[in-house]
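Student: Can you keep this structure in mind? I'll have questions shortly.
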Amino acid sequence: NAGVTQTPKFQVLKTGQSMTLQCAQDMNHEYMSWYRQDPGMGLRLIHYSVGAGITDQGEVPNGYNVSRSTTEDFPLRLLSAAPSQTSVYFCASSYTADEQYFGPGTRLTVT
Amino acid sequence: AQSVTQLGSHVSVSEGALVLLRCNYSSSVPPYLFWYVQYPNQGLQLLLKYTSAATLVKGINGFEAEFKKSETSFHLTKPSAHMSDAAEYFCAVRTNAGNNRKLIWGLGTSLAVNP
């Protein structure tokens, strides 16, 4: 089992560029989520999904899109990157949102 | 609505000393509570969870937490700190909103262990 994998590990974008952060899990989990982690602000939920074809917004969804076409994959799209989106992004998966398994994170810098 | 407050953003202990990390919750329904740990440059991993069974919950690496309903607390303890315990610790409560369950996170407590 690879668990939860995220690519890339590091990314530098210029303001206005778009990109997709990839997340995949091989545990057949229905629940997947994207968080951003910023100093002093803990983890903030961006978007989550309770199964293929079903997504919902978290507390900070603006500027991000998600889709869930398969159980395994849950990509996060930045539509037009802004410096405020500089952060560390974590993808997580679980059966029921309880015991969440986290990926190693993507460190994104927007200049 | 559920919420979590972690008291103390930084805690420093000596190696071998007691570790106590504080977490208070707010919930209108019986809560499911969690402690997660994040080692430097890694993702989070589950340390332990309370799901309305025993009030004293044992986790990995010698950590345990006690659910106290009267105090709305779920503090994390370890009798003797080890250098390898230096990490960020997060308390979380699960919302019970039907199928759209989420974890509500505290802001985290950074634990430093001094030799």
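The values are calculated or read from the model by the stated rules, or taken from the named source; none is laboratory data. The structure presented is a predicted model; accordingly, all values stated were derived computationally and were not measured. Counting neighbours? That spans all protein chains shown, and the Cβs are built from the backbone with ideal geometry, glycine included. Ligands, DNA and RNA are excluded from the accessible area calculation, which covers all protein heavy atoms including side chains. Shrake-Rupley method; radii C 1.70, N 1.55, O 1.52, S 1.80 Å.
Student: Could you check how many percent of all C-alpha pairs in chain B are farther apart than 16 Å?
Tutor: Values: 3704 of 6555 pairs.
The share of Cα pairs beyond 16 Å in chain B comes to 57 percent.
Student: Another question, then. Pop out the carbon and sulfur fraction of the accessible area of the stretch A:1-67 as a percent, whole number, probe 1.4 Å. Walk me through the numbers before you get to the answer.
Tutor: On the way: 1600 of 3260 Å².
Whole-percent figure for carbon plus sulfur exposure: 49.
Student: Give the residue list of GluC sites (Glu not before Pro) in the stretch B:10-115 that are DSSP loop and have at most 11 other beta-carbon atoms within 10 angstrom. Can you show the working numbers first?
Tutor: Numbers: sites: B:GLU15, B:GLU64, B:GLU66, B:GLU71, B:GLU88; in loops: B:GLU15, B:GLU71.
Sparse-neighbourhood loop GluC sites (Glu not before Pro): B:GLU71.
Student: Give the cysteines in the protein assembly as shown for which no other Cys Cβ lies under 4.7 Å away, or write none if there are none.
Tutor: none
Student: Can you give the relative contact order of chain A as a percent, counting alpha carbon pairs under 8 Å and 6+ residues apart? Working shown, then result.
Tutor: Working: 295 pairs, mean separation 39.7, N = 111.
Relative contact order comes out at 36 percent.
Student: Here's another thing I want to ask about it. At 4 °C and 1.567 mPa s, grab the translational diffusion coefficient of chain A from Stokes-Einstein with a Kirkwood Rh over Cα pairs, rounded to a whole number in µm² per second. List each step's numbers first, then the result.
Tutor: Details: Rh = 13.7 Å.
Once the numbers are plugged in, D ends up at 94 µm²/s.
Student: Between the stretch B:44-80 and the stretch A:1-46, what's the alpha-carbon centroid distance in Å?
Tutor: Distance between centres, Cα-based: 28 Å.
Student: Too long at a 24 Å Cα-Cα cut-off: which of A:LYS9/B:LYS58; B:LYS49/B:LYS78; A:LYS9/B:LYS49; A:LYS14/B:LYS102? Walk me through the intermediate numbers first.
Tutor: Values: A:LYS9/B:LYS58 33 Å; B:LYS49/B:LYS78 15 Å; A:LYS9/B:LYS49 29 Å; A:LYS14/B:LYS102 32 Å.
Long pairs (Cα-Cα over 24 Å): A:LYS9/B:LYS58; A:LYS9/B:LYS49; A:LYS14/B:LYS102.
Student: Cβ under 15 Å from B:ASN41's Cβ, B:ASN41 left aside: what net charge do those residues give with Lys, Arg +1 and Asp, Glu -1?
Tutor: Details: positive: A:LYS9, A:ARG107; negative: B:GLU88.
Cβ neighbours under 15 Å give a net charge of +1.
Student: Could you work out the relative contact order of chain B? I mean the mean sequence separation of Cα pairs under 8 Å and 6+ apart, divided by the number of residues, in percent.
Tutor: Answer for chain B is 37 percent.
Student: With only alpha-carbon atoms counted, please give the Rg and Dmax of the protein assembly as shown, in Å.
Tutor: Gyration radius and largest Cα-Cα distance of the protein assembly as shown: 17.6, 51 Å.
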